[in-house]
Amino acid sequence: MQPIKTPTKPDRPVDGEAAEGTILIIDDDASILRVGARTLGRIGFAVLCAKRGARGIELCREHAGELEAVMVDLSMPDMDGAQVVRAIRQFDREVPVFICSGHDAEEAKRRVGDAAVDAFIQKPYSRATLLAHLRPA
């Protein structure tokens, strides 16, 4: 799957919402990638999407230093979220990484273990939830 690059100019910013920078979403669910890219694009972020963990790691390496954050699905068929995070942390310890899952936070923490994750985002996530994590007050 080719990365989806959304426009960096928000088409419908809400008061104080406009953002900039690039977010990488790694998720095996195409509908999550579409909705995430559209939601983040409307806020003003450029978005790169990867449907497989290995491709997400490649994109993270290719765009090292350019990413505002990486959102990683906890459960994917080729690599689980913890494996993806550990691989990313081998070459980038600075980029914020969020584990996203339909599982509850305790289950996600148990499965991620010692992987260096900045936060957990419950699926399905809302625009407000994304903003809270990507633009903390």
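The values are calculated or read from the model by the stated rules, or taken from the named source; none is laboratory data. Only a predicted model underlies this, so the values are computations on that prediction, with no experimental measurement involved. Note that we place each Cβ from the backbone using ideal geometry, even for glycine, and neighbour counts take in every protein chain shown.
Restricting attention to the stretch 3-19, does a residue exist that is at pLDDT 95 or above and touching a strand residue (DSSP E or B) at 6+ places or on another chain (Cβ under 9 Å)?
Within the stretch 3-19, the first condition is being at pLDDT 95 or above, and the residues that meet it are none.
The answer is no; no qualifying residue exists.
Looking across the stretch 63-115, just one residue is aromatic (F, W, Y) and either farther than 16 Å from D27 by Cβ or in contact (Cβ under 8 Å) with a residue 60 or more places away in the chain (or both), and that is F91. Number of residues in the stretch 87-131 that are out of contact with any strand residue (DSSP E or B) (no Cβ under 9 Å at 6 or more places or on another chain) and not hydroxyl-bearing (S, T, Y): the value is 13.
Given the condition out of contact with any Ser or Thr (no Cβ under 9 Å at 6 or more places or on another chain) and of a type in the set (F, W, Y), answer yes or no: does some residue in the stretch 89-96 qualify? Yes, the stretch 89-96 has at least one match.
Only helices (runs of 4 or more DSSP H) wholly contained in the stretch 72-137 count here; list those with 1 or more residues that are among the hydroxyl-bearing types (S, T, Y), modelled with pLDDT under 95 and within 18 Å of I43 (Cβ to Cβ). Before the answer, list the steps.
Details: elements: 81-91, 105-112, 127-134.
Per the criteria, 127-134.
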